[in-house]
Amino acid sequence: MKKLLLALILISISFSGFSQLRNSKSFQAAQSDDDLDYLSPKEYVIGGIKMNGLKHLDEAILLTISRLNVGDRILVPGDATSAAVKNLWDQQLFENVELAVSKIEGETIYLEFNLVEIPRVSKIQLKGLSKSETTDVKEKLDKQKSKVVNENLNKTITEIVKKHFFDKGYLNTEVKITYQADSADANSKIVNVNVDKNSKVKVHSIKIEGNKEFSTARLKKFMKKTKEQAWYKVFGSGKFTNEKYEGDKEKMVSKMREKGYREAEIVFDTIKKYSDRAIDIEMKIHEGPKYYFGNITFVGNAKYPTSILNQILKIEKGDVFSEEKLEKTLRNSPSSDDVSSLYLNDGYLTFNVDPVQTRIYKDTVDLEIRIFEGPQYTINKIILKGNELTNDQVVLRELRTKPGQKFSKDALIRSQRQITQLGNFDEQKVGITPLPNPNDGTVDIQYTVVEKPSDQIELSGGFGGGRVIGTLGLTFNNFSARNLFNMKAYKPLPKGDGQKLSIRGQTNGKYYQSYSFSFSEPWLGGKKPIYFGISAYTSLQSNGLSNANINQQKIRLNGLTFSLGKQLKWPDDYFRIDYSANLQQFKLKNYVGYLFENGDSYDLSLSQVFARNSIDAPIYPTSGSHLRFTVQATLPYSSFNGKNYNNLSTSDKYKFAEYHKWKFDSQFYQKIYGKLVLKAQAQFGFIGYYNKAVGLAPFGRFKVGGDGMQGFDFLQGSEIIGLRGYTNNSIVPEGSPTTAGSPIYNKYVMELRYPITLSESAQVFGLVFAEGGNTWNRFSEFNPFNVKRSVGVGARIFLPIFGLLGIDYGYGFDKIPGNPDANKGQFHFSIAQQMGGFN
C-alpha cells in the first residue's frame, strides 16, 4: 500500500510539471523503507543512477543531460527528479521516459531511468527513379541513416530530394514518405521515399525591370544558359536548371560591371509558376551610374619603374571602369602579359598586388595599386614524386626549371606541358608545388606525377582486298634499351627510359603479309634533346601462287628509314627540325594496273621537317598550335646519268624514282566556352618532277577520301588523306584513275570537341565537324576554294592499351563524277590514328 501511494504521489508531481508533453513519463518507487513518510519529501544522497533500454545513445551523455549526479543530495520527490525527466524528454529521442527508485538504504537512494528510444532509420529505399538517379540521390541521403524517425526527418529528406531535382530543372517534384518495420531490428524503420519528378520546366518568359542603359534583349543575351522557350530555338530549348540560372545571374552582373557600372546588382528575383511545364522569371536590377578610371598610382614598386608598369597595365585615365579588365592586367592574363607575371617570371615568388579604390567622386574612381615585391627566389632543388616506372632523368631533362635559376612562373607552366607531352603520366594529375625557404631566399620545386599505362596493343580483324585481314601490333612507349640484358628489369619488357619500340604484323594468309619494326630515342646519348629513330618494314601482296608459277602476280615493298632531329632554341624552343634518309625497294612481278608490271624500282630520298608544337596535351589539346612543313626529295638522276628517257622502257625509266615533295599542315586549338574546344586545320601537299621526259614518279602521290586508314595503298608509296563523308580514295580529278593518286591536294577542317571523360583509364570526347578537300593533276587547275564539302559527328576514345579509336558519320554534299555512291552518308572507323592528324 505504501509503495502504491508513493508511486501515485510521484506520478502526480511529474505530470503536474509536464502536462504539455505528448507522451507519458513517470517516477515510481521500486523499493522503500516502511519507516518513511511518503506524504512528505525527504532528502536523499544519490548512490547510483542506471539507464535502461539504451541501444544507440551514450549513457554518460544522457546522465549529463539529466543533471543528476551520484553524490548529489536531492529531495525525493522534488524539482530535481521532475527536471531530470523533462531534460531527457526535451531531446526528442524517446517515445517514453520513466524514472524509478530501485533501492533505498538509509539516506542513500538508487535511481534508474527506463527509456524507450524512438526508432531510427536502418535503410532508405527510393522508388520512382532511374538507376542512375537513385544512385545520385542515395549519396545525398546517406547521412540520414541512423537518425531518429520524426517529423524533422521527413522534412529533411523531402528538402534534399526536391533540391536535387530542382537544380536539374524539375521544379514540381513530389515526395511521399512512408515507413515500415525492419525485421532485423525492432527499434529501426525502413524509410520508403516515393518520388515523382513530374516534367522538367521551361522558361516561358524573363521579365526585367529597372534597366535603363542596358536593353532587356541585351541583358537576356548575357544569360547564356537560361533562355526563353521559342519554336525557332533548336539548340536552346529553354529548359530551366537552377544551377545554370544562378551562374547566369552572376554573369549578367559581371557583364554590366565590366561596362563600367560598378554598382550593378540584382536587387530582387523570383520564379513564378506559369503552368505545370513552364515558369516565368522576374527580376529587378539596379544599374547605378557609369564609372571611369581616374588617377592610377603605384606604391611599393622598387624593381620596375611606374612607366613600365603603366605600359603593362594598358589603362588610361578616362577609360571605362572595369574590375575584370583591371584584374586581368594585374594578375590573370591568359597570355601572361600582366603585372604579376612580370615579377613572378623574375624570381619574385611572394609578389602580391592589391588595387585599392582611394577616391570615388562623381563618375570617377581613383586607384592606388599597392605592390609587395618581396625577395627574389632562386631554385634550390627539384623534387620528383610519383614516377614509379619512369626514371627520374627522363622527367628531369624535360623541365625548364633548373637549380640555380631564378624562379619563373612561365618556366613552371612550360615544364608542366613538357611532362604531359611525354605520354607516360595522367595529364590531369600533374602537380607543381613551390616550397619557398624564406631564410635563404631559395625555393624547392616539387613535381608530382601519376603514372598511367602507356604501352599499347593492336589486335584486330578487318576486311580488305576481298579477304579477312588479321593484325597484331605491340607498342612500348616507355622502353629501356640499356636494360635489355637485365632480367630484373623485364615487366614484361624493360621500361623507364622514355624510348619507343613498336612491332607490328598483318596478314590474311598467303595473299598478303606485312611486318614492321621501329625504335626511337628522344635523347640520343641522354644529354641533349637529339632525336634518333630507325624503322624497317617489308610487305607482300600476291595472288597466292608460288614463285615457280609463271602466272604468279605480286608486289613486294621493303623499306628502311633513319631519322635524326633536334629541338631548336630559335625562334623559340617550341621549334624543332628533323632529317631522315629513306630507302624503299619495290619488286613487281606481273603486277597489273601499275605504271609497269615487272622489275625493281628504288626510291632513295632525303626529307627535312621544320615544325613548331605548342599544344598543351597530346590527346585532348585545349590550346596551342602544331605547325609542320616538310620537304622530301630524291636526286635528279635524269640530269646526270646520260640516259635518253624518251627511249627507255617504263620499268627502266622508273628504276630510280625522282621527285620533290612539299607538304604543309597547320592545326590550332582554342577553348571557346567552358570545356568546348575548337580545332582548325589546313593541309596542303604537292609532288613535282625534275624532268618532263620522266614525268611524275609512281610513288608518293596523294589519295584523298574516307577514313584516312592505310590499306594496300602504301604498297605504292601513296599517302592517304582522310575526308569524312566520302568513300576511301574517291576524291580524284575528273577523268583520273582512282588507283594512281594525285600530285596536288589541299584540305580544311573545323571541329568542335567536348570531353566526356579525361580520366587516367580512358579519355573520351565527342565532336562535330565540317571539312573540305580536293585533288588536282596540275597547278593550272588548282583552286584552293574548290573543295568537296562534308559535315558530321563523331567520337574518339583513347585507351592506353589500344591507342586512339574513332568513329565518325559524315555527309558529303558534292557528287563525284562516275562514282554515285561516293558521297552522302558514310560511317568511318579508325584505329590507332596519329593524334595530331598529320598525314
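The values are calculated or read from the model by the stated rules, or taken from the named source; none is laboratory data. Being a predicted model, the structure only gives us computed values, none of them experimental. Here the Cβ is made from the backbone with ideal geometry for all residues, glycine too, and neighbour counts use every protein chain on show.
Against the definition (out of contact with any strand residue (DSSP E or B) (no Cβ under 6 Å at 6 or more places or on another chain) and closer than 30 Å to Glu597 by Cβ), how does Asn547 come out, yes or no?
Yes.
Out of the residues in the stretch 806-820 that are in contact with a strand residue (DSSP E or B) (Cβ under 7 Å, 6 or more places away or on another chain) and of a type in the set (D, E, K, R), state the one that is nearest to Ile731 (Cα to Cα).
Checking each candidate, the answer is Asp814.
Between Ser205, Ser215, which is surrounded by 13 or more Cβ atoms within 10 Å (Cβ to Cβ) and at pLDDT 90 or above? Talk me through it step by step, then tell me what you get.
Details: Ser215 fails: surrounded by 13 or more Cβ atoms within 10 Å (Cβ to Cβ).
It is Ser205.
Which ranges mark the strands (runs of 3 or more DSSP E) fully within the stretch 353-470 that have 2 or more residues being within 23 Å of the chain's Cα centre (by Cα)?
431-437, 442-448
Among the residues in the stretch 229-245, are any of a type in the set (A, V, I, L, M) and modelled with pLDDT of 90 or more? Spell out how you get there, then give the answer.
Going through the stretch 229-245, the residues of a type in the set (A, V, I, L, M) turn out to be 230, 234.
From the residues that got through so far, the ones that are modelled with pLDDT of 90 or more too are none.
Within the stretch 229-245 (the criterion being of a type in the set (A, V, I, L, M) and modelled with pLDDT of 90 or more), the answer is no, since none of the residues qualifies.
In the stretch 39-65, what residues are closer than 11 Å to Phe113 by Cβ, among the charged types (D, E, K, R) and without any contact (Cβ under 8 Å) to a residue 60 or more places away in the chain?
Scanning the stretch 39-65 gives a single hit, Glu59.
Please count how many residues of the stretch 66-103 are surrounded by fewer than 19 Cβ atoms within 10 Å (Cβ to Cβ) and more than 30 Å from Lys189 (Cα to Cα).
Qualifying residue count, the stretch 66-103: 13.
Return the pair list, or none, for Cβ contacts closer than 7 Å from residues in the stretch 549-565 that are under 30 Å from Asp578 (Cα atoms) to residues that are modelled with pLDDT under 85 and hydrophobic (A, V, I, L, M, F, W, C), at least 6 apart or on different chains.
Hits for this filter: Leu557/Leu715.
Taking interchain pairs and intrachain pairs at least six residues apart, which have beta carbon atoms under 9 angstrom, with the first residue in the stretch 637-654 and surrounded by 13 or more Cβ atoms within 10 Å (Cβ to Cβ) and the second part of a helix (DSSP H, G or I) and of a type in the set (Gly, Ala, Ser)?
Going by the 9 Å Cβ cut-off, the qualifying pairs are Tyr645/Ser638; Lys653/Ser638.
Take residues that are among the hydroxyl-bearing types (Ser, Thr, Tyr) and touching a Lys or Arg at 6+ places or on another chain (Cβ under 9 Å) and tell me which of the strands (runs of 3 or more DSSP E) falling wholly in the stretch 481-565 contain 1 or more.
On the way: elements: 499-507, 512-521, 530-542.
Output list reads 512-521, 530-542.
Of the conditions (1) at pLDDT 95 or above; (2) of a type in the set (A, V, I, L, M, F, W, C); (3) closer than 25 Å to Phe425 by Cβ, Ile756 fails just one. Which one is it?
Among (1) at pLDDT 95 or above; (2) of a type in the set (A, V, I, L, M, F, W, C); (3) closer than 25 Å to Phe425 by Cβ, Ile756 violates only (1).
Looking only at residues in the stretch 301-325 that are of a type in the set (A, V, I, L, M, F, W, C) and either without any contact (Cβ under 8 Å) to a residue 12 or more places away in the chain or out of contact with any Asp or Glu (no Cβ under 9 Å at 6 or more places or on another chain) (or both), which one is surrounded by the fewest Cβ atoms within 10 Å (Cβ to Cβ)?
Initially, the stretch 301-325 is screened for residues of a type in the set (A, V, I, L, M, F, W, C), giving 302, 308-309, 312-313, 315, 320-321.
Then drop every residue that is not either without any contact (Cβ under 8 Å) to a residue 12 or more places away in the chain or out of contact with any Asp or Glu (no Cβ under 9 Å at 6 or more places or on another chain) (or both), which leaves 308-309, 315.
Working: Ile308: 14, Leu309: 21, Ile315: 18.
Among them, the one singled out is Ile308.
Looking only at the stretch 593-631, how many residues end up being surrounded by 18 or more Cβ atoms within 10 Å (Cβ to Cβ), among the small types (Gly, Ala, Ser) and in contact with an Asp or Glu (Cβ under 8 Å, 6 or more places away or on another chain)?
Count: 2.
Does Thr650 satisfy the condition of being of a type outside the set (Lys, Arg) and in contact with a His (Cβ under 9 Å, 6 or more places away or on another chain)? Write out each step before concluding.
Numbers: of a type outside the set (Lys, Arg): yes; in contact with a His (Cβ under 9 Å, 6 or more places away or on another chain): no.
So Thr650 does not fit the description; no.
Do we find a residue being buried (at least 18 other Cβ atoms within 10 Å of the Cβ) and within 30 Å of Ser415 (Cα to Cα) anywhere in the stretch 562-570? I'd like the intermediate steps shown before the answer.
At the first step, the residues of the stretch 562-570 found to be buried (at least 18 other Cβ atoms within 10 Å of the Cβ) are 563, 565.
Still in the running and within 30 Å of Ser415 (Cα to Cα): 563, 565.
Checking the stretch 562-570: at least one residue is buried (at least 18 other Cβ atoms within 10 Å of the Cβ) and within 30 Å of Ser415 (Cα to Cα).
Taking the stretch 172-196 only, how many residues are over 24 Å from Lys272 (Cα atoms), in contact (Cβ under 8 Å) with a residue 24 or more places away in the chain and not β-branched (Val, Ile, Thr)? Outline the logic, then answer.
Step one: of the stretch 172-196, the residues over 24 Å from Lys272 (Cα atoms) are 177-194.
Filter once more, keeping what is in contact (Cβ under 8 Å) with a residue 24 or more places away in the chain: 179, 182, 184-185, 187-194.
Now restrict to residues that are not β-branched (Val, Ile, Thr): 179, 182, 184-185, 187-189, 192, 194.
Looking only at that region, the number is 9.
Name the single residue that is farthest from the chain's Cα centre (by Cα) among those in the stretch 104-118 being at pLDDT 85 or above and surrounded by 15 or more Cβ atoms within 10 Å (Cβ to Cβ).
Ranking the candidates gives Ile104 first.
Within the stretch 333-353, identify whether any single residue is within 30 Å of Lys227 (Cβ to Cβ) and free of Cβ contacts under 8 Å to residues at least 40 places away in the same chain, and answer yes or no.
Residues of the stretch 333-353 that are within 30 Å of Lys227 (Cβ to Cβ), as a first pass: 334.
Still in the running and free of Cβ contacts under 8 Å to residues at least 40 places away in the same chain: 334.
Yes: one or more hits.
Just one of (1) within 36 Å of the chain's Cα centre (by Cα); (2) farther than 30 Å from Lys528 by Cβ trips up Ser336, so point out which.
With (1) within 36 Å of the chain's Cα centre (by Cα); (2) farther than 30 Å from Lys528 by Cβ applied to Ser336, the lone miss is (2).
Has the stretch 224-240 got any residue that is within 30 Å of Tyr292 (Cα to Cα) and touching a strand residue (DSSP E or B) at 6+ places or on another chain (Cβ under 7 Å)?
no
Would you check if Gly169 is closer than 30 Å to Ser275 by Cβ and modelled with pLDDT under 85? Talk me through it step by step, then tell me what you get.
Values: closer than 30 Å to Ser275 by Cβ: yes; modelled with pLDDT under 85: yes.
So Gly169 fits the description; yes.
Any residue in the stretch 478-489 that's within 25 Å of Thr420 (Cβ to Cβ): show its pairings with residues that are in a loop (DSSP other than H, G, I, E, B) and of a type in the set (Ser, Thr, Tyr) at Cβ separation under 7 Å, as long as the two are six or more apart or on different chains.
Asn478/Thr390; Asn478/Ser454
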